[in-house]
1. Taking Cα centroids, how far is segment 168-242 from segment 354-374 in Å?
2. Over the chain, calculate the relative contact order: mean separation of alpha carbon pairs under 8 Å at least 6 apart, over the residue count, as a percent.
3. Extending each Cα 7 Å along its Cβ direction at Lys59 and Arg502, get the distance between those two points in nm, one decimal.
4. Report the label-to-label distance for Glu842 and Asp178 in nanometres (one decimal), using points 7 Å from each Cα along the Cα→Cβ vector.
5. According to the square roots a ≥ b ≥ c of the eigenvalues of the Cα gyration tensor, what is the shape class of segment 302-424, taking rounded for a/c under 1.5, prolate for a/b larger than b/c otherwise, and oblate for the remainder?
6. For Cα pairs less than 8 Å apart in space and 6+ apart in sequence, what is the mean separation divided by the residue count of segment 116-239, i.e. the relative contact order in percent?
7. State the Cα centre-to-centre distance between segment 760-798 and segment 21-35 in whole Å.
8. If exposed GluC sites (Glu not before Pro) are those in a DSSP loop with at most 10 other Cβ within 10 Å, what is the longest stretch of the chain that has none?
Amino acid sequence: MGASLPPKEANLFKLIVKSYETKQYKKGLKAADAILKKFPDHGETLSMKGLTLNCMDRKSEAYELVRQGLKNDLKSHVCWHAYGLLYRSDREYREAIKCYRNALKIDPDNIEILRDLSLLQAQMRDLTGFVETRQQLLTLKSNHRMNWIGFAVAHHLNSNASKAIEILEAYEGTLEDDYPPENERCEHGEMLLYKISLLEECGFFQKALEELQKKELKIVDKLAYKEQEVSLLVKLAHLEEGEKLYRKLLSMNPDNYRYYEGLQKCVGLYSENGHYSLDEIDQLDALYRTLGQQYKWSSAVKRIPLDFLQGDKFQEAANNYIRPLLTKGIPSLFSDLSSLYNQPGKADILEQIILEIESSIKTTSQYPGGMEKEPPSTLMWTLFLLAQHYDRRGQYEIALSKINEAIDHTPTVIDLYSVKSRILKHAGDLVAAAAFADEARCMDLADRYVNSECVKRMLQADQVALAEKTAVLFTKDGDQHNNLHDMQCMWYELAGAESYFRQGNLGMALKKFLAVEKHYADITEDQFDFHSYCLRKMTLRTYVEMLKFQDQLHSHAYFHKAAAGAIRCYIELHDSPPKLTTEEDNDLSKLLPSQKKKMRQKQRKAEARAKKEAEEKNEESSAGGISKSGKRHAKPVDPDPCGEKLLQVEDPLLEATKYLKLLQKNSPDSLETHFLSFELYMRKQRILLAFQAVKQLLRLDAEHPDSHRCLIKFFNKVGSMIAPVTDSEKLIWSVLEAERQTISQLHGKSLFETNNSFLEKHEDSLTHRAAFGETLYILDPNRRSEAVKLIEGSPNNIVPTNGVLGPIREWKLIDCVAVHKLLGTVLVDQDAALRWKVRCAELFPYSTYFEGSRSSASPNSAFNQIRKSSENGSSNHSVGDHNAESGTSNGKLEAFKDLTI
């Protein structure tokens, strides 16, 4: 390194390297310039200068200098290493690996380059290469603990846990008996726990237990020790010892649900699906009563029995659980109980319990059978819980009456307005929901959560500009929207993207969806620093868990929403491409398709050139804003603030395919993935891929309306195609004919018969009838009136329940909206769509989509009357009809609207 230089310049070169490592970039640059004055073609100095400039955000110069340095000295490992580091900084990991390998050809035993290569191999999951590199590092420097551990972890990640155990045992054989010293006890203990987890993974439970108990004194994390020990005892069927240990763990933390689950396994009273016999329920009840006596302050020991108890015992336990929490005023009580609504009959019992409490407190100020008087707030929290209960059951009228009663009782509780906002959202009045969320926000301007909830409601109501103004109240001064992006505020970007998509602004919708996709790319990149950190700090179990999490990262719900949203945007862009300006249209219309393609390529190159020039100008203009280290602090400029360039893609379906492949890989069990796949490949005329999507839909849920739609659409399309001519077409045709016989729905039936049998199975379901009507119209457009009649004749049955305060209907608002769109846009029957709208306006009076009489879309609704009176300066906001939305209870809230934090 710098060997070809005279002593003085060689020392200067060492100073450049040291300055680079200590981030003193100006100092390093000065030393590089001093060398280059005498030796302007010295390759290693040019490369190091380029690397230093890269850290000062002068990328174009950096690449130019590093390439020049490499050209001048191709046999220098320093030049290749610098080039690799440059690529690594730009996340071009594959290119960086190539550079490192070239460097290693020149200097195969360079530890720094080997270490950097191993980090990239771990990042890229090149596990075979990772094992080889870590082995080489261990061979070169076997007295370094990190090399032993890195080699073991590499084998573990490469699905060779037994080899990893051997390496760790060999490493332990190199240690003294009195190891570790006091300052390394935590790290050594972590290594031992990692080794025991590997033994457990390999199925050597007895050996793992013996090793654990043997090394007990050397393990610092006693809780992890006990949890590992009890896990091994249960797997070895030593249930009595396991039970004792779980009871010890419960005495340490009686609110840990996993400990209760483990205890149930030890006493033979655990079921994966939560179903128990009557005898098992009695035994479990006795167990939890005993535990309840031991841990009186534990919430978990009172809550868990509600999951398995039935009938009168459930009613008694639920009563005992709910009452203290209502007295305390716990706003999250309904969230705690919400999982019980999925179990038959329990929602009815909860309703009965809460109504009895409400009635008793209203008449006697006491709980039923109670002796002590309850504080006035107990009634308010009871009404609060009841409102959420009826909201969950779809009885929005009753829910609103209860929440209005609670607001009248105590108008200063913010949670009441938030829940009212949520009820109105579910009832279909998104504008009123946003208004009440804003009222809740104004009652506590320093509460970030309430602010965020308000922003979400505004975006759902398509009030994007107002939502942005509200969101930035909690960001730093300056470029506030970039702050939201930098904070990776994905819920905000997703809600904004959906709003823009509903409004037809595909550019902004795509921009927001792709911003979320970029966050996931950033999260993937963020693991890079941990490859060396975790080996150094010995947090090995957590490190392996993190890598497994990263491998499943793109299966997260937010990424699924973003990718699916981007695909829908690209499909819409393909179906309705944006119109060119008149001049462009006239110019391009005269050209041949090949000439048009060349013209667009020229335009793209010109745009790229202009962008590069703008970046260079930006670098020059920001020369003054340099820190002591020499790094610039220039704010990035958004080159496409409105997403217009995203709409100028040549092939939208090709772009959509990129995201579809990610969904197919990471969300293969989602119906939406395969439905989008079907829509995309049908447009691309990729028949076999579209058929693959149909088969996946039938595998996941053959009775789902979308699965039926795709099946009928596909074979109807295939039936209308011209006879195959080429060999490839004949092959596709023969595959489809063979596969058709394997589909039970089509076996020996025509498409009409398949459609009719689907209707017979689901004649009481609105969504299935809608699917039948749509496919009937596709098969025979002359039978449109029959399809419309069948959809309009769908029964809205009452859900079987013993609800006290009114019936619950089967139809959901979202399904009725979908049917209205189907009638108006697919079946193109505006009269039927109007009749459906009138019918649904009665069923959903709060729905703005159907312009229900009580929604904010109706000029005579209570909400609009309140708004008019507030605009006229009236401070009296009370409304007689509490089933409608109550108005702003605080007449002075308008004064807070313009406040900022």
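The values are calculated or read from the model by the stated rules, or taken from the named source; none is laboratory data. Remember, it's a predicted structure, so these values are computed and weren't measured experimentally. For neighbour counting, all protein chains shown are included, and Cβ atoms are generated from backbone atoms with ideal geometry for every residue, glycine included. Just the protein is used for accessible areas: all its heavy atoms, side chains included, with ligands, DNA and RNA removed. Shrake-Rupley method; radii C 1.70, N 1.55, O 1.52, S 1.80 Å.
1. For segment 168-242 versus segment 354-374, the Cα centre distance is 55 Å.
2. Details: 1022 pairs, mean separation 70.5, N = 901.
About 8 percent, as a whole number.
3. 3.7 nm
4. It works out to 9.2 nm between the two label points.
5. On the way: a/c = 1.79, a/b = 1.17, b/c = 1.53.
It is oblate, given that a/c is not under 1.5 and a/b is not larger than b/c.
6. Values: 106 pairs, mean separation 20.5, N = 124.
The normalised contact order for segment 116-239 reaches 17 percent.
7. Comparing the Cα centres of segment 760-798 and segment 21-35, I get a distance of 76 Å.
8. On the way: sites that count: Glu176, Glu272, Glu372.
That gives 373-901 as the longest site-free run.
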